[in-house]
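Reviewing the structure listed below.
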Amino acid sequence: MADTKQFSTGKKIAAMAMLTALAFAADFFLRIPNIAGFLTYEPKDVVLTIGAFIFGPVAGLVMALLVCLLEMVTASSTGVIGLLMNFLASATFVGVASVIYYRKKTMLRAVIGLVAGSLSMIAVMLLWNYIMTPIYMGVPRQAVLEMFLPVLIPFNAIKAGLNSALVLLLYKAVVTALRKAKLVPTRESNDSTNKTTNTIIVIVVSAVAVATMLLVMLIFAGII
């Protein structure tokens, strides 16, 4: 996947700005609100993770913070608490996944990174929901604990799984588009029949996973 060594800082910043804008657009226009009454799904982490896979974990965290700030002053009505929760979720998923993948860019490490990022995000958000939800919603902590298994764990697991599948499905297309725009460096072609076959398999499996988890998400939201 993309190698950014010896690539101009200006083009890197331009690509990061484009991905940040795309992540915000995904957040603003593709969100599914009012899941279980107070949870919201938006696919911004897909774009942010792709950006972090290309440019590294620090770049991913910077883009995540910018998008969460923009979300706070536009689409969100939860203020600083919403900013904190959104950034923690994005930073954990994007950061963990990209740290594992960026050191050695292989498909296996991408999958491992996404799984680790998903599990880390679920754990972190359970902890912070336990801390912050009573403050935000005015409910006792016992009520939050009772939401863990029927609401919070399934929601975060589905969200992370859907985002992971979308990253695997869209990464190559996004990198190819950025290369054509000369915003990320090209790489030597070393494709083989085996790699092509693996890519096709990943795309098919990811597409099925996306369709399945999106359906479940819409059911949770009461849309269908």
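Annotations for the structure displayed:
- For the criterion of being touching a residue at least 40 places away in the same chain (Cβ under 8 Å), surrounded by 16 or more Cβ atoms within 10 Å (Cβ to Cβ) and of a type outside the set (Ser, Thr, Tyr), Ala26 fails.
- Residues of region 175-220 classified as in a loop (DSSP other than H, G, I, E, B) and modelled with pLDDT under 75, total: 7
- Some residue of region 29-37 being crowded, with 20+ Cβ neighbours inside 10 Å and over 23 Å from Arg109 (Cα atoms): yes
- Residue check: Leu114 meets all listed conditions (1) open to solvent by less than 60 Å² (accessible area, probe 1.4 Å); (2) over 24 Å from Lys172 (Cα atoms); (3) in contact with a Phe, Trp or Tyr (Cβ under 9 Å, 6 or more places away or on another chain) but one, namely (2).
- Exactly one residue among Leu65, Leu70, Leu22, Leu88 is touching a helix residue (DSSP H, G or I) at 6+ places or on another chain (Cβ under 7 Å), within 19 Å of Phe155 (Cβ to Cβ) and of a type outside the set (D, E, K, R), and that residue is Leu88.
Residue-wise test of (1) open to solvent by less than 50 Å² (accessible area, probe 1.4 Å); (2) at negative phi; (3) modelled with pLDDT under 95; (4) among the β-branched types (Val, Ile, Thr).
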| position | (1), (2), (3), (4) |
| --- | --- |
| Tyr41 | yes, yes, yes, no |
| Phe53 | yes, yes, no, no |
| Pro57 | yes, yes, yes, no |
| Leu65 | no, yes, no, no |
| Ala75 | yes, yes, yes, no |
| Lys105 | no, yes, yes, no |
| Leu108 | no, yes, yes, no |
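- Annotation for region 87-102: no member residue is outside any helix (DSSP H, G or I) and not hydrophobic (A, V, I, L, M, F, W, C).
The values are calculated or read from the model by the stated rules, or taken from the named source; none is laboratory data. On a predicted model such as this, the values are computed, not experimentally measured, just so you know. Glycine also receives a Cβ, built like all others from the backbone with ideal geometry; neighbour counts cover every protein chain displayed. The protein model used for the area step is the full one, side chains on, heavy atoms only, and it has no ligands, DNA or RNA in it. Shrake-Rupley method; radii C 1.70, N 1.55, O 1.52, S 1.80 Å.
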